[in-house]
Amino acid sequence: MADPKELSKRPEQDSPPKEGFRVIGVPRRRVDGRAKVTGQTRFADDISLPRMAHCKLLRSPHPHARIRRIDTSRALTHPGVYLVLTGKELPIQYGILPVSQDEQALCVDHVRHVGDPVAAVIAREELIAFEALDLIDVDYEILTTISDPEQALATPEPRIHDYGDEGNIHKRVALEFGNVEQGFAQAEEIFEEEEEPSEDEVEGPQGYELEEEDEEPTYEDEKPSYEGEEDEAPYTESNTEEEY
């Protein structure tokens, strides 16, 4: 690992600022850069406390399904497992809005997207918790996947949530402000369009194609700068502890 004191001695790159600018076009050292490249930054996985337990979640592989049964008996008897929780142990629902208190820490009887948590394992070690997840048996009843608003309007059953005005419509509201016809008559242009997602947007980032280059790009001009600004304090052990 490079010595931080040696890094601070490296000469600053010849990159004069653009005329009239102090920030735009001027290379700036990242505030957290030095701590990261010298291994001083602590992340969540770096934290280890006495008697600390590890929790892992079992998540639904289905976009829409009912939970018929969850059997956690094998996971509970696995060595090193302290506790296995399901939605029945955490039945209280919550939500951001009073009208939609529909979120659950663990799904009780209904999963609504791939990755919905259905069980939690608390164990002595992280690997043990992972192993116990494979010992939980979940019996699902697969339901119709409703993936967009138009499909929700056309598919009243099965309902994603049991509340709502009807079917998979959460609430019907009609709002009108001003004279719509007069507004259209006075408008210079009227645009009406229906947007459909492209294949790239549906497939995700892997659907994009990169343009072919005649030559492979080089990064000789993108050398990192380790020298701070003139008004920055020099690198010392004392100010490192205060800053990072």
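The values are calculated or read from the model by the stated rules, or taken from the named source; none is laboratory data. Every value quoted in this text rests on a predicted model; they were computed, and no experiment measured them. With ideal geometry, Cβ positions are generated from the backbone for all residues, glycine too; neighbour counts draw on all protein chains shown.
Residue by residue, here is whether (1) in contact with an Asp or Glu (Cβ under 8 Å, 6 or more places away or on another chain); (2) modelled with pLDDT of 90 or more; (3) farther than 26 Å from His62 by Cα holds:
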| site | (1), (2), (3) |
| --- | --- |
| Ile136 | yes, yes, no |
| Thr155 | no, yes, no |
| Asp221 | no, no, yes |
| Glu241 | no, no, yes |
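Out of all the residues in the stretch 114-157, which are surrounded by 18 or more Cβ atoms within 10 Å (Cβ to Cβ) and closer than 22 Å to His170 by Cβ?
Asp116, Leu143, Ile146
Quick one: is Pro63 at pLDDT 95 or above, part of a loop (DSSP other than H, G, I, E, B) and not assigned by TED's automatic domain parsing to the domain that holds His170?
yes
Please pick out the residue among Ala129, Ala119, Ala105 that is of a type in the set (A, V, I, L, M) and either assigned by TED's automatic domain parsing to the domain that holds Tyr163 or part of a loop (DSSP other than H, G, I, E, B) (or both).
One residue alone meets the criteria, Ala105.
Yes or no: Pro79 exposed (fewer than 10 other Cβ atoms within 10 Å of the Cβ), modelled with pLDDT of 95 or more and not polar (S, T, N, Q)?
Yes; evaluated as a whole, the condition is true for this residue.
Mind counting the residues in the stretch 82-113 that are among the hydrophobic types (A, V, I, L, M, F, W, C) and surrounded by 13 or more Cβ atoms within 10 Å (Cβ to Cβ)?
Summing the residues that are among the hydrophobic types (A, V, I, L, M, F, W, C) and surrounded by 13 or more Cβ atoms within 10 Å (Cβ to Cβ) in the stretch 82-113 gives 9.
Please give the number of the condition Asp71 fails out of (1) touching a residue at least 40 places away in the same chain (Cβ under 8 Å); (2) surrounded by 18 or more Cβ atoms within 10 Å (Cβ to Cβ).
Evaluating Asp71 over (1) touching a residue at least 40 places away in the same chain (Cβ under 8 Å); (2) surrounded by 18 or more Cβ atoms within 10 Å (Cβ to Cβ) leaves (2) as the failure.
Kindly indicate the residue of the stretch 84-101 that is within 25 Å of Glu126 (Cβ to Cβ) and either touching a helix residue (DSSP H, G or I) at 6+ places or on another chain (Cβ under 8 Å) or in a loop (DSSP other than H, G, I, E, B) (or both) and also modelled with the lowest pLDDT among those meeting that condition.
Top of the filtered list is Leu90.
So Lys5 fits all but one of (1) exposed (fewer than 10 other Cβ atoms within 10 Å of the Cβ); (2) at pLDDT below 85; (3) among the basic types (Lys, Arg); what number is the exception?
(1)
Just the residues that are within 25 Å of the chain's Cα centre (by Cα) and without any contact (Cβ under 8 Å) to a residue 40 or more places away in the chain, please, taken from the stretch 40-51.
Arg42, Phe43, Ala44, Asp45, Asp46, Ile47, Ser48
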